[in-house]
1. For the stretch 14-44: of the residues being hydrophobic (A, V, I, L, M, F, W, C) and exposed (fewer than 15 other Cβ atoms within 10 Å of the Cβ), which is modelled with the lowest pLDDT?
2. Residues of the stretch 45-91 being touching a helix residue (DSSP H, G or I) at 6+ places or on another chain (Cβ under 9 Å), at pLDDT below 90 and loosely packed, with under 14 Cβ neighbours inside 10 Å, which ones?
3. Would you please name the residue that is farthest from Asp12 (Cα to Cα), looking only at residues in the stretch 63-93 that are of a type in the set (Lys, Arg) and without any contact (Cβ under 8 Å) to a residue 12 or more places away in the chain?
Amino acid sequence: MFSKAKLFFVVDAVILVAFLAATVSGLVLLTMPRGGYQGGRNPDFGKTVIYLSRDGWNDVHVWGSLAMIGGIVVHLALHWKWIVYTVKRFLGCRRSGALPAGTQPCAVVVTNRHS
């Protein structure tokens, strides 16, 4: 069984690898010439970069991006308690009991001030 630290490391490593795949494939797609119709006079048709065609790099880009999004969702889920605690602390919220002087209960008040 994974400890929390190992689980966080694995999730973050997956996000890093997916980010690198999406970044590298995006740069390759940005610089790679566009192929044309097979029967036409396009010298760049079928051109490959590191053994992958434009369609192959596009697949790497899409799947790398989806893996990165999935990893980020898992990362946020694993850290959700910390996120909520930190936001509450940042807003000056307290859990229970009497509030110290100068603090307010955990509520967000939106006012419309026009001067």
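1. Filtering the stretch 14-44 for residues hydrophobic (A, V, I, L, M, F, W, C) gives 14-22, 24, 27-30, 32.
Those left that are additionally exposed (fewer than 15 other Cβ atoms within 10 Å of the Cβ): 16-17, 20, 27, 30.
Values: Leu16: 98, Val17: 98, Leu20: 98, Leu27: 94, Leu30: 90.
This residue is Leu30.
2. Those that are touching a helix residue (DSSP H, G or I) at 6+ places or on another chain (Cβ under 9 Å), at pLDDT below 90 and loosely packed, with under 14 Cβ neighbours inside 10 Å: Lys47, Thr48, Ile50.
3. Here is the first cut: in the stretch 63-93, the residues of a type in the set (Lys, Arg) are 81, 88-89.
From what is left, the residues that are without any contact (Cβ under 8 Å) to a residue 12 or more places away in the chain are 81, 89.
Numbers: Lys81: 18, Arg89: 25 Å.
That would be Arg89.
The values are calculated or read from the model by the stated rules, or taken from the named source; none is laboratory data. If you're wondering where the values come from, they're calculated on a predicted model, not measured in any experiment. Note that each Cβ is placed from the backbone with ideal geometry, even for glycine, and that neighbours are counted across all protein chains shown.
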